[in-house]
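See structure below.
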Amino acid sequence: MAAATATAGNAVNDCFSIGSTVMCTTCFNEEVEGEVLAFDHNTKMLILKCRSKTTEELSDIYVLNLSLCSNVQVIKECNGNFVAEPQKLNLEQVKMRLKKAVERRREYLKSQNADVSSEAQELYRAIAKQYGYNEVSWQGLNIQILNEVTISPPYRVDNVVSSSNNETSCNYIKRIIKQFFNSRISGAQDSTSNAAASTSSASVSPTSSSLSSSNAASGSPVPAN
């Protein structure tokens, strides 16, 4: 089979032999190269087994829609001795992973609000992790929890109000807010301390040239290294 090259929307190979090595560029401009496990001509779906990016003991499985890929090339043809059958995919597991990935993306999008700061959005996610994303929502610039507790800007402990005077919920949310801002302050202080330590170490370490100059000016012998 001659090497094939295709762009999005153009025809691709009628068939890719199992065991062949194929490379292509995805619609995310990512180059993918791997061994063909399966190919369906009608849907233009290609399954590749690629080297894992994290460990040599595992492989990454890519399911690619070649209609959305470009630069599709057959790097190496199967020599005809390929007899090993690919392992069957656990479709239920794939469906579960896809469902979880979609849910995580939806949850993240619910925390987005173009009218507030990134810090406020992070606080939203911290609260949603405790209560669940279905119980937290944006009401304009305010964060609303359980449809009864509201946190208004600047999203501090003093900005927590309950429409039903639920002190238990208010106190718990206040603890979340305290922990959130304390962790940010602690992280910022650690970063500042590390940077200051590095600067101090660099400033107090004399160079050999400055040491030599100092000893020469005082008439003292330069110590041997």
Where does each of Glu77, Glu148 land when they are ordered by accessible area, with a 1.4 Å probe and the largest first? Glu77, Glu148
Which order do peptides 129-138, 16-25, 103-112, 51-60 fall in by mean Cβ count within 10 Å, highest first? 16-25, 129-138, 103-112, 51-60
Please give the contour-minus-distance gain from Gln93 to Leu58: 0.36 nm per residue of separation, less the Cα-Cα distance, rounded to one decimal in nm. 10.9 nm
Rh_Kirkwood(the stretch 40-142) over Cα pairs, Å, one decimal, evaluates to 18.1
Provide the percentage of antiparallel DSSP beta bridges, counting only those with both residues in the stretch 25-152; round to the nearest 5. 100
Please compute the net charge surrounding Asn134, taking Lys and Arg as +1 and Asp and Glu as -1 over other residues with Cβ under 10 Å from its Cβ. -1
Ignoring ligands, DNA and RNA, how do Glu92, Glu33 rank by accessible area with a 1.4 Å probe, largest first? Glu92, Glu33
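The values are calculated or read from the model by the stated rules, or taken from the named source; none is laboratory data. No experiment lies behind these values; they were computed from the predicted model shown. Cβ atoms come from the backbone with ideal geometry, glycine included; neighbour counts cover every protein chain shown. Surface accessibility is based on the protein's heavy atoms, side chains included, excluding ligands, DNA and RNA. Shrake-Rupley method; radii C 1.70, N 1.55, O 1.52, S 1.80 Å.
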